[in-house]
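Novice: This is the structure, below, for whatever I ask next.
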Amino acid sequence: MKVNVLGLPGMKTQQALLNVTAAVNAFDPTVDVEWISDAREMLDYGVVKTPTVMVDGRVKFEGRVPSIYQITLWIQEGVMMETGV
């Protein structure tokens, strides 16, 4: 599983990255987290509002900072899909 945080350097993007990291560390430390700050790469993903959080290539949250709880739910959902539960 991979979680991407897309956004230019700034307070909202940093908070989103911190929340994602906290959720991943609490729930499943094996999840890969990547921060994408390159504007061209963000446009390749179709992202115009930042911060954006993607789980396995699907946009889950755009334009605001998601809570740690919400991110944990997305990770749990992804793990369940991977294991077929």
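The values are calculated or read from the model by the stated rules, or taken from the named source; none is laboratory data. Just so it is clear, the model here is predicted, and its values are computed rather than measured. Glycine also receives a Cβ, built like all others from the backbone with ideal geometry; neighbour counts cover every protein chain displayed.
For (1) aromatic (Phe, Trp, Tyr); (2) at pLDDT 95 or above; (3) assigned to a helix (DSSP H, G or I), each residue gets a yes or a no:
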{"site": "43", "(1), (2), (3)": "no, no, yes"}
{"site": "49", "(1), (2), (3)": "no, no, no"}
{"site": "61", "(1), (2), (3)": "yes, no, no"}
{"site": "82", "(1), (2), (3)": "no, no, yes"}
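Novice: Another question, if that's okay. Residue by residue through region 31-50, note down the ones that are exposed (fewer than 12 other Cβ atoms within 10 Å of the Cβ) and over 12 Å from the mean Cα position of the chain (by Cα).
Specialist: Once the filter is applied, which keeps residues that are exposed (fewer than 12 other Cβ atoms within 10 Å of the Cβ) and over 12 Å from the mean Cα position of the chain (by Cα), region 31-50 yields 38, 40, 43, 44, 46, 48.
Novice: Name the residues in region 18-30 that are under 23 Å from residue 45 (Cα atoms), of a type in the set (A, V, I, L, M) and surrounded by fewer than 20 Cβ atoms within 10 Å (Cβ to Cβ), would you?
Specialist: Within region 18-30, just 18 meets the criteria.
Novice: Does residue 78 fit the bill of being surrounded by 13 or more Cβ atoms within 10 Å (Cβ to Cβ), over 11 Å from the mean Cα position of the chain (by Cα) and not aromatic (Phe, Trp, Tyr)? Walk me through it before giving the result.
Specialist: Values: surrounded by 13 or more Cβ atoms within 10 Å (Cβ to Cβ): yes; over 11 Å from the mean Cα position of the chain (by Cα): yes; not aromatic (Phe, Trp, Tyr): yes.
For residue 78, the condition - surrounded by 13 or more Cβ atoms within 10 Å (Cβ to Cβ), over 11 Å from the mean Cα position of the chain (by Cα) and not aromatic (Phe, Trp, Tyr) - is met.
Novice: Suppose we keep only residues that are within 11 Å of the chain's Cα centre (by Cα) and under 20 Å from residue 9 (Cβ atoms) within region 51-70. Which one would you say is surrounded by the fewest Cβ atoms within 10 Å (Cβ to Cβ)?
Specialist: 62
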